[in-house]
Each structure stands twice: as C-alpha cells, then as structure tokens.
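K.L.:
What follows is a single structure, and I will ask about it in a moment.
The values are calculated or read from the model by the stated rules, or taken from the named source; none is laboratory data. The model shown is predicted, which means the values in this text are computed figures rather than measured ones. Quick reminder, even Gly has a Cβ in these numbers, built from the backbone with ideal geometry, and neighbours come from all protein chains shown. With ligands, DNA and RNA removed, areas are computed over all heavy atoms of the protein, side chains included. Shrake-Rupley method; radii C 1.70, N 1.55, O 1.52, S 1.80 Å.
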Amino acid sequence: MKISKYIYLFVFSICFTLSCDLEEEPPYLANENVFSSASDAVKALDGIYASMNGYDYYANMYHFLFNVSSGLGWTKRGQTGAAPSPDNLAEGSLNFGASRNIERVWIQVYRAIGRANDAISSITVDPLSEDDNQRILNDVAGQAYFLRAHMYFNLVRAWGEVPLRVQPTSMSTIHLAVSSEEDIYTQILSDVNSAIALMNASSGNHYPKIYAAYMLLSKIHMQLAGNDNSSEHWQKAYDAAKMVYDEGGYALVSNYADLFDESSDLEIGNEIESIFEIQSSNLSQHPVSTDFVRAFTASNYLAVQTFGWLMVNVDTYESHNMTYPGDSRMDVTYISEFIKKRAGAGNPWKGYPARTNRSKWNAFPYFHKFAQKDQESAVLYGNQNFIVYRYADLLLMLAEISNELGLAGEALDYATQVLSRSNLTPHSGYTSGQDAFRDAIMREYKYELLFEGEDWFNNRRRGLQWFLDKTVIPHNTGIDDQGNVLYTFKNGIDNEMRTDASIMKFPIPLVEINNNQEIN
C-alpha cells in the first residue's frame, strides 16, 4: 500500500525551443525571486523530479530502452508477425544505430539537467546557516546537485563523451561541443561532493537523503575501477558504501514481493529499503503516474488494455532458474502463465517455460516485477513508485567491492544477507575464490535486481570482453528460439568482431547533431 507521503510532481507545459530539447522559453523558474522562498524552491525541486518522471524517462522509456538493450530482454512492442520487431532488430539486437528511442531519452535527460542547472545557478547557499528557510534552500540546492550528478552519470556511462551543460542554457550557449569522459566524471564527483555538503533532509522525508549521494559516489568509483581489482577506486567505493551501511539506518523488507506490489500491506517502503525512490500518484488531482506499469503488465492480464512490452530472454531466465531452483523471487520477477481477463477472457495464456512450443512472444516469459498484480484492477496507470537505489543493491555492491579488496569473509556476509531474505544460501561460487565470487556476484545483480535500472551498466562496466563472455555469447549460443523468433546480438561470436565496441555505447542522436553546430 502506498504510504501517505508523496512528491506531488508538477507537470509543466512549457515547450523547449530548438526541437524542444535544450532550452525552455521562458527560462524554467530561473530567477532569484523564485529561489529565495523555501516553499517556492521546493516546488521547483518537484519540477526537476517531474522531468525525471516524464514518459520519456523513468515513467516509461528509460526502462524500455535500457532493459531491452541490456542484453537480458526482448520486447513484443511493434511485433505484428513472426519477424523480429524494429525494436528487437535495434535495441534487442544491440544494433543501436537503428534505434528510434535513443533520441527521446536523450532529450528528456537534458530537460532534467536544465532544470537542475536553473536551481543550482539561482540559489544562494549558506551551509552553516541555522535559519529554517535557508536550510531548505540549501537542501534544494543539494538535491539539484545530486540529481545532476545522477543524470550525467547515466549519460556518460551510456553515451561516453557528451555536451557538459552546467549553466542555464541560452541562445549564446546552445551550441556546445562534447566533453571528455574524464572531464564529465570530474564534474560528477564535484556535484556529488556539493550534494553531500548541502543535503540536510529539511525539504521533506520523501526526498532522497544524503545517503543516496554516498551510494551514487560508491557507484561512480565502481564504474571507474572497471575490471582492475587493484584500482584505488575500489577503496573509495567501499568507504562511500560503508557510510550508507553504517549510518543510513536502512534494512531489507521481510518479503521481497512487497517491494513491487501496490496492494501489499507494506507501509515502510520509502523508509526502510528505499534509498532513492521516484514517487508517483494516480490520484485524479495529481495524475502523475509511472506509465511503465501499464506498458509492462502482460497483455490481457487485466480487463483493461496493457501492453506487455518487456519480456525476458530465455538464457537470462534459465540462468536464474538453474542457479536457484524454486527461488521465491522468480514468481515475482517472471510470469509464464495466467488466465486472461481481456481478449480471450477466461482462457489460459502460456509462454516459456510453461509452454515449450515457442513462437513469437509465447517464446519468452513476461517480466512481472513492474506489473499491476491485482488482476481485477481497472486502473490503466499504476501507482507504483520506481525505486532507483535500494538497500539490497547496496549490499551486493559491498559484497563485490569487499571481494575486490580481498575481504572474503565480509563479502560473503553481505551476499548472505540478500540471499537469506529469500531463504537461500550462497552457492559454491561464493566460496571458491575471488574469481568465482566475482562471477557469482555479477550474476546475483541480475537475479535480485533484474530490470530495475542498472543491468545495462552492470553488464558493461567490466569491459567489452566481460560483456561478450558473460552476456553476448551465452545468448547467441544458448537455447534455440526455434528460428522464427531467433535474434542474435550484434558481434556474435566471431573473433574478428570482438573489437567492435559499438555494443558498449549509444550513439549521440541526430537531433543533437543536427541542431548543435559544435558536434560533427
């Protein structure tokens, strides 16, 4: 059940000039008068979150783009016959140059960055002040720094070199060359440190706390460490993650399923396991909903129309199933049979593995974690929040980091905490040395956190060869999709193509190239 505290996000109808992607006209609340009042500053902060929760980002398209192209997913979106859909031929096959969705996500992420820039440039901060109004202004600025760092972290991991916009955009600055990844990471780390200095929890309990910034800091250093277990970044990642673990007061909820079930009796989702959560509401007076609930609920699962756009590759499902037969998380994550409530109401639907005769979308299990669980529901848009960072992820991060630092006992303890919730114990991979533990924990992210936003990055952050060996090749040589639904990942298993790194980054979309004179 949804807790009573919401961020009532404002939906602004201001269009963006220059293909509606970079500059708002008039500038979005970017003046000192707006940001001198605590109450108005909080409303502006809600506007930043609203842009992050737009349809083209966390409300829908972020999940679609990053999950289908993670190497773990398949989609029936646009599927009309036996041939793979355009999205499967693009994102689903890791052929990003053919994607029709990258542009939408790119535009939306820069909208959010633009609003964060307005707040950062307009708020006068005083970290030492005890004045209540000033403390809220400090916190809003800290939130803006945190969100800008988070968005640029997603950008640099997914695109690499991108324009680094840290000032309100004007016609004189609309054309901006890309910055190096090194410069972008320098800015991200600076923003995280500013967030840590300013976030003080005075804006409201439903906003992220300082520990979300520390978790982001840990993720940044893990990304920078890559596949080098001697890197100094592992120690920095450990220190930041331990700050959250030791002082944040977070814990695992007792029932994994409650994290994704709006009808559960869970009253503590925003306080106990959630570290950074995007709030939503389907209330008529605040109709800002996460559309991914409608988009990713299996077709005909409800009496109202849902789309079932997100399905799971068979090799991904079987990896989980063979590692933990009977894992209770599987019933939460996947669904392969149900009684239809809409078209063909009363008849069963079966997909893999309930159905072994596989064709088209019957060849894959639906992804069920984001779905509306109540089959009697007549609500088109769900009221389910999206948890961006949660405590289970932190524990798995600490397990991975501790293993890289040679802290075998500590690493095993963190992994055990996550597994124990589902009545599981660590398998032999966790006790067979550092290399085996590394492989086990990287797979554990997929089982515990599948399609929760980090798969695309986790699968790639250890480098191209790791991605090929652990994701691409197992898929392309795995269970036969019986020809008519078979699609293989670009790069295949041809040794001559292993240097092709195009599967590791998205291309900058044409809308940016065509409108930004500083980008070739």
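K.L.:
Here are the criteria: (1) in contact with a Lys or Arg (Cβ under 8 Å, 6 or more places away or on another chain); (2) modelled with pLDDT under 95. Tell me which single one Ile387 does not satisfy.
P.N.:
(1)
K.L.:
Additional query: Would you please list the contacts, defined by Cβ atoms under 7 Å and residues six or more apart or on different chains, that run from a residue in the stretch 224-237 that is under 18 Å from Val156 (Cβ atoms) to a residue that is among the polar types (S, T, N, Q)?
P.N.:
If the second residue must be among the polar types (S, T, N, Q), the pairs left are Ala225/Ser231; Ala237/Ser218.
K.L.:
Taking the stated definitions as given, is Asp228 surrounded by fewer than 17 Cβ atoms within 10 Å (Cβ to Cβ) and assigned to a helix (DSSP H, G or I)?
P.N.:
Here the answer is no, as Asp228 does not meet what is asked.
K.L.:
Select, from Asn193, Asn133, the only residue that is surrounded by fewer than 17 Cβ atoms within 10 Å (Cβ to Cβ), in contact with a helix residue (DSSP H, G or I) (Cβ under 6 Å, 6 or more places away or on another chain) and of a type outside the set (A, V, I, L, M).
P.N.:
The unique qualifying residue is Asn133.
K.L.:
Scan the stretch 361-403 for residues that are in a loop (DSSP other than H, G, I, E, B), touching a strand residue (DSSP E or B) at 6+ places or on another chain (Cβ under 7 Å) and open to solvent by 10 Å² or more (accessible area, probe 1.4 Å) and report the count.
P.N.:
5
Results for (1) crowded, with 21+ Cβ neighbours inside 10 Å; (2) hydroxyl-bearing (Ser, Thr, Tyr), shown as yes or no for each residue.
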| residue | (1), (2) |
| --- | --- |
| Glu91 | yes, no |
| Ala98 | no, no |
| Val105 | yes, no |
| Gly114 | yes, no |
| Val162 | yes, no |
| Met171 | no, no |
| Ala177 | no, no |
| Tyr185 | no, yes |
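K.L.:
Got a number for residues in the stretch 432-450 being over 23 Å from Ser231 (Cα atoms) and either without any contact (Cβ under 8 Å) to a residue 24 or more places away in the chain or among the hydrophobic types (A, V, I, L, M, F, W, C) (or both)?
P.N.:
Total satisfying the criteria: 2.
K.L.:
Considering only the stretch 318-333, state which residues are open to solvent by less than 40 Å² (accessible area, probe 1.4 Å) and farther than 18 Å from Phe66 by Cα.
P.N.:
Selection gives Glu318, Ser319, His320, Thr323, Tyr324, Asp327, Arg329, Met330, Val332.
K.L.:
Among the residues of the stretch 113-133, write down those that are more than 15 Å from Gln167 (Cβ to Cβ) and either in contact (Cβ under 8 Å) with a residue 12 or more places away in the chain or in contact with a Gly (Cβ under 8 Å, 6 or more places away or on another chain) (or both).
P.N.:
Selection gives Thr124, Val125, Asp126, Pro127, Asp132, Asn133.
K.L.:
Which of the residues spanning the stretch 163-186 are touching a residue at least 60 places away in the same chain (Cβ under 8 Å), over 15 Å from Ala112 (Cα atoms) and assigned to a loop (DSSP other than H, G, I, E, B)?
P.N.:
Ser170, Met171, Ile174, His175, Leu176, Ala177
K.L.:
Across the stretch 262-291, what is the number of residues that are at pLDDT 80 or above and either surrounded by fewer than 20 Cβ atoms within 10 Å (Cβ to Cβ) or not in a loop (DSSP other than H, G, I, E, B) (or both)?
P.N.:
Within the stretch 262-291, residues that are at pLDDT 80 or above and either surrounded by fewer than 20 Cβ atoms within 10 Å (Cβ to Cβ) or not in a loop (DSSP other than H, G, I, E, B) (or both) number 6.
K.L.:
Further question on the same structure: Under the condition of being in contact with an Asp or Glu (Cβ under 6 Å, 6 or more places away or on another chain) and in contact (Cβ under 8 Å) with a residue 40 or more places away in the chain, which residue from the stretch 340-379 is farthest from Ser319 (Cα to Cα)?
P.N.:
Among them, the one singled out is Lys373.
K.L.:
Working carefully through the options Gly344, Gly351, find the one that is touching a Phe, Trp or Tyr at 6+ places or on another chain (Cβ under 7 Å) and small (Gly, Ala, Ser).
P.N.:
Gly351
K.L.:
Go through (1) in a strand (DSSP E or B); (2) under 17 Å from Phe260 (Cα atoms); (3) not charged (D, E, K, R) for Phe338 and report which single condition fails.
P.N.:
With respect to (1) in a strand (DSSP E or B); (2) under 17 Å from Phe260 (Cα atoms); (3) not charged (D, E, K, R), Phe338 is out only on (2).
K.L.:
Considering each residue of the stretch 462-482, count those that are touching a helix residue (DSSP H, G or I) at 6+ places or on another chain (Cβ under 8 Å), assigned to a loop (DSSP other than H, G, I, E, B) and open to solvent by 20 Å² or more (accessible area, probe 1.4 Å), and give that number.
P.N.:
Counting residues in the stretch 462-482 that are touching a helix residue (DSSP H, G or I) at 6+ places or on another chain (Cβ under 8 Å), assigned to a loop (DSSP other than H, G, I, E, B) and open to solvent by 20 Å² or more (accessible area, probe 1.4 Å) gives 3.
K.L.:
Can I ask one more? Would you pick out the residues in the stretch 231-246 that are open to solvent by less than 10 Å² (accessible area, probe 1.4 Å) and more than 21 Å from the chain's Cα centre (by Cα)?
P.N.:
Residue satisfying the conditions is Trp234 alone.
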